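Q: First the structure, then my questions, so here it is.
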Amino acid sequence: MLENFLLEQKTLFESGVQTVLRGQENRYRRIVIQNGNLVTNERSEESGICARVYKNGAYGFASTAEYSKDAAAKVIKAATDNSKYLDKFNSEKKQAYPSLVSAQITSPRMIIDYEQKVLVEMVKEIDAHIEKTYKDLLSRTVVYREDTMEKIIVTSDAADGHVSYPRCTIYVILNMTSKDGQPVELHQAFGGFGHKEDNFNDLQALYAKIDDLHKRLKDKAEGVYASAGVKTVILHPDVAGMIAHEAIGHTVEADLVQGGSVAGPNLGKQVASELVSIVDYANTAFGERAPLPVYLDDEGVEAKDAVLIKDGILTGYMHDRESAELYGATPCGNARGYNFSDEPLIRMRNTAVLPGKDKLEDMIASVDDGYYLLNTNNGQADLTGEFMFGITGGYEIKNGKLGRAILDTTVSGVAFDMLKTVEMVSDSVVWNTSGTCGKKQPMAVSMGGPAIKCKISIGGR
């Protein structure tokens, strides 16, 4: 746990400038077992201090990998000097950002460190269960990943805080031979916010989920290729959430709006069916703790929900303090840096499509000829909202009933166009908490929502 001596350094902040001092430690744990062999056993930490100073529209930044009082004093001075130097070349002087309500924010969970041996034994036990239970597999891989961060934030004119973000995930990757003699694969991630005792104390519950994964893999081994074209589909929440994150979420990050994203000219306009609403949640969603709760961002802004689309209308963007000032908006705590040496960027937190009123079984029954798309593994989207994602699992829908499984395919389209075709939205939300967003810096994010019925371009063989 980080020693909290940074509050004492406020006396070193220079008057007339806005300063944020941040101490941070990131911890990484990764264990990989392939077919019974331990092939990766990694454990590392990195920590340091950074300072960011804003003066007349110019930012000065400095960081060091040393975590001490002397190091804090040095980075404050270096960042302040950098801001003064850059201000010399700043022809357009800007006012200071409006001061925010001062508060002291502490997250309810801190980081627990398990012995590596305990984690390795758990992964071995899971692998042994898979080997014993499923004799028809071609290969198997079990991965344990832990990526946690702890931060102490001290500001001149906003909130201070001590927050931590523990997260651990187990990935199970299964392979078997298809009816045509080709290897087929499915994978799934389990876990989320917290530590081993929060997510994996009951391995029997995990085994039930692995059993479902194996059953879907057997279906896929007997599967067929999808028929190419624009099809009516039911998107599982994992797929709908990925599109919401990649093809919608990034276009409404205000720094990317400034860079020319499609969201810029569409603010206040209808960009989706009135059945669609999207929110980037801070720390509470649907009356419960959000999957990866954020309480304070790296500018000292207390985290609040950011409503992006409401009833099909694009209502707002995600901001840092700079873009909020530019657009006349209120920052909601979206500025985050991944390492102590990273300046904060506008990032998503828990981005979700809101649930509707439809039952999944009724949605499937309403489709005469289409697909139920369950899993996605990768993809890309650009600032026009155009996207393409790989689909690794799904089923045909024929005459309102699930049919044969489908083999790997792709889906593509333009997000705002696709969302305008949404006809039904299920009444339950599923979260995916294993995501790492790669916008310049990696960042832990979660995404989710209900199943949605829409039209989408699907690839064939």
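Q: Enumerate the calculated ³J(HN,Hα) couplings along the stretch 429-445 in order (Karplus 6.51 cos²θ - 1.76 cosθ + 1.60, θ = phi - 60°), each rounded to whole Hz, writing x wherever the residue is Gly or Pro.
A: 10, 10, 9, 10, 9, 9, x, 10, 7, x, 6, 6, 10, x, 7, 5, 9
Q: Using the per-residue mean of other Cβ atoms lying within 10 Å as a proxy for protection, in what order, highest first, do the peptides 336-346, 180-190 fall?
A: With the highest mean Cβ count within 10 Å placed first, the list reads 336-346, 180-190.
Q: Taking H as built 1.01 Å from N, whose amide H comes closer than 5 Å to the amide H of GLY356, not counting residues under 5 places away?
A: Amide H neighbours of GLY356: SER426, ASP427, SER428.
Q: Then there is this: Roughly speaking, to the nearest percent, how much of the chain's 1.4 Å accessible area is carbon and sulfur?
A: 47
Q: If we count every other residue with Cβ under 14 angstrom of ALA335's Cβ, Lys/Arg +1 and Asp/Glu -1, where does the sum land?
A: That sum, taken over residues with Cβ under 14 Å, equals -2.
Q: Moving on. Which angle from 0 to 90°, rounded to the nearest 10, does the C-alpha axis of helix 116-133 make with the longest principal axis of the chain?
A: 10
Q: Report, in debye and to the nearest 20, how large the dipole of the chain comes out about its Cα centre when Lys and Arg carry +1 and Asp and Glu carry -1 on their Cβ.
A: 440
Q: Per DSSP H run of at least 4 residues, take -39500 (n - 2.57); add these up for the chain, divide by its residues and hand me the 222 nm value, nearest 500 deg cm²/dmol.
A: -5500 deg cm²/dmol
Q: Oh, and also: If the reach is capped at under 21 angstrom between alpha carbons, list the lysines near LYS357, excluding any in the same chain fewer than eight residues apart.
A: LYS310, LYS401, LYS420, LYS453, LYS455
Q: What aspartates and glutamates does LYS440 reach when the alpha-carbon gap must be under 13 Å and sequence neighbours fewer than 8 apart in one chain are set aside?
A: ASP255, ASP342, GLU343
Q: How high is the relative contact order of the chain, in percent, with contacts defined as C-alpha pairs under 8 Å that are six or more residues apart?
A: 16
Q: Kirkwood hydrodynamic radius, computed over distinct alpha-carbon pairs, for the chain: how many Å, to one decimal?
A: Hydrodynamic radius (Kirkwood, Cα only) of the chain equals 23.6 Å.
Q: Which angle from 0 to 90°, rounded to the nearest 10, does the C-alpha axis of helix 203-221 make with the longest principal axis of the chain?
A: Between the helix axis and the principal axis of the chain, the angle is about 50 degrees.
Q: Can you pull the one-decimal nm distance between simple spin-label points at ALA65 and SER178, each 7 Å off the Cα toward Cβ?
A: That separation, rounded to one decimal, is 4.6 nm.
Q: If we count every other residue with Cβ under 14 angstrom of HIS129's Cβ, Lys/Arg +1 and Asp/Glu -1, where does the sum land?
A: Local charge sum for HIS129: -1.
Q: For the stretch 239-334, report the accessible area per residue in Å² (1.4 Å probe, heavy atoms, rounded to an integer).
A: 35
Q: Separate question: With the cut-off at 1.5 for a/c, could you classify the stretch 250-386 from its C-alpha gyration tensor as rounded, prolate or oblate?
A: Because a/c hits 1.5 or more and a/b exceeds b/c, the stretch 250-386 counts as prolate.
Q: Separate question: Tell me the Kirkwood radius of the stretch 364-427: reciprocal of the mean inverse pair distance over distinct alpha-carbon atoms, in Å.
A: Averaging 1/r across every pair of different Cα atoms and inverting gives 12.9 Å.
Q: So what's the net charge close to GLN258: Lys and Arg +1, Asp and Glu -1, counting the other residues with Cβ under 12 Å from its Cβ?
A: -4
Q: To continue, here is another question. What angle, in degrees between 0 and 90 and rounded to the nearest 10, separates the Cα long axis of helix 69-87 from the longest principal axis of the Cα atoms of the chain?
A: With both axes taken from Cα atoms, the answer is about 80 degrees.
The values are calculated or read from the model by the stated rules, or taken from the named source; none is laboratory data. Bear in mind the structure is a predicted one, so any value in this text is a computation, not a measurement. A quick note on method: Cβ atoms are made from the backbone with ideal geometry, for glycine too, and the neighbour counts reach across all protein chains shown. Surface accessibility is based on the protein's heavy atoms, side chains included, excluding ligands, DNA and RNA. Shrake-Rupley method; radii C 1.70, N 1.55, O 1.52, S 1.80 Å.
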